[in-house]
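**Q** Got a structure for you, questions after.
The values are calculated or read from the model by the stated rules, or taken from the named source; none is laboratory data. Bear in mind that the values here come from a model prediction, so they are computed numbers and not experimental data. Cβ: placed from backbone, ideal geometry, glycine included. Neighbour counts: every protein chain shown.
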Amino acid sequence: MEADFPRRMHVYDYRAEDRFGQPVISFALLIDDDPDWRPDRYEAILCGKKRLLEFHTAKILDYRGREDELRKHANPVALFVLAQLASMPTKKDMPGRAAAKLEVIQLL
């Protein structure tokens, strides 16, 4: 979890809009292990005026238990989700982590 994450999303959003000269859609892929942390907005009020950015999020943890579906999915992003899910429980299990990495590589 990062306390300043919503503000960072706001910065990314306005920099992208400034760079490309048109509105953008902001999306965050949350890969942390806290199921309750789901930031979706940045809000600042100054002198009675409000600045608000609402952004889309997806939580890797929401795909836990759907590994078989991810293995079969045609979208290559599914493999990134699968790899992240495999890395979470194997932080201190190096043989398990190596086996999980090998499986994802073979699915490529």
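**Q** Looking at the structure I just gave you, is HIS73 under 30 Å from LEU102 (Cβ atoms) and surrounded by 14 or more Cβ atoms within 10 Å (Cβ to Cβ)?
**A** Answer is yes for this residue.
**Q** Which of the residues belonging to the range 22-51 are closer than 22 Å to TYR63 by Cα, touching a strand residue (DSSP E or B) at 6+ places or on another chain (Cβ under 8 Å) and in a loop (DSSP other than H, G, I, E, B)?
**A** Within the range 22-51, the subset closer than 22 Å to TYR63 by Cα is 26-40.
Of the ones still in play, those that are also touching a strand residue (DSSP E or B) at 6+ places or on another chain (Cβ under 8 Å) are 26-30, 35, 37-40.
Those that are closer than 22 Å to TYR63 by Cα, touching a strand residue (DSSP E or B) at 6+ places or on another chain (Cβ under 8 Å) and in a loop (DSSP other than H, G, I, E, B): SER26, PRO35, TRP37, ARG38, PRO39, ASP40.
**Q** Name the residues in the range 34-58 that are closer than 29 Å to SER87 by Cβ and touching a helix residue (DSSP H, G or I) at 6+ places or on another chain (Cβ under 7 Å), would you?
**A** The answer is PRO35, PRO39, ARG41, TYR42, PHE55.
**Q** From ARG97, ARG71, ARG19, grab the single residue that is over 30 Å from LEU107 (Cβ atoms) and outside any loop (DSSP other than H, G, I, E, B). So that I can check it myself, show each step before the final result.
**A** Working: ARG97 fails: over 30 Å from LEU107 (Cβ atoms); ARG71 fails: over 30 Å from LEU107 (Cβ atoms).
Every option except ARG19 fails the conditions.
**Q** Find all pairs meeting these conditions: Cβ atoms under 9 angstrom apart; at least six residues apart or on different chains; first residue within the range 23-35 and closer than 16 Å to LEU53 by Cα; second residue assigned to a loop (DSSP other than H, G, I, E, B) and at pLDDT 95 or above.
**A** Correct list of pairs: ILE25/PHE55; SER26/PHE55; PHE27/PHE55; ALA28/PRO39; ALA28/ASP40; ALA28/PHE55.
**Q** Restricting to the range 57-104, what's the tally of residues that are farther than 21 Å from PHE27 by Cβ and among the β-branched types (Val, Ile, Thr)?
**A** Count: 2.
**Q** Are any residues in the range 68-78 out of contact with any Leu (no Cβ under 6 Å at 6 or more places or on another chain) and of a type outside the set (Lys, Arg), and if so, which ones?
**A** ASP68, GLU69, HIS73, ALA74, ASN75, PRO76, VAL77
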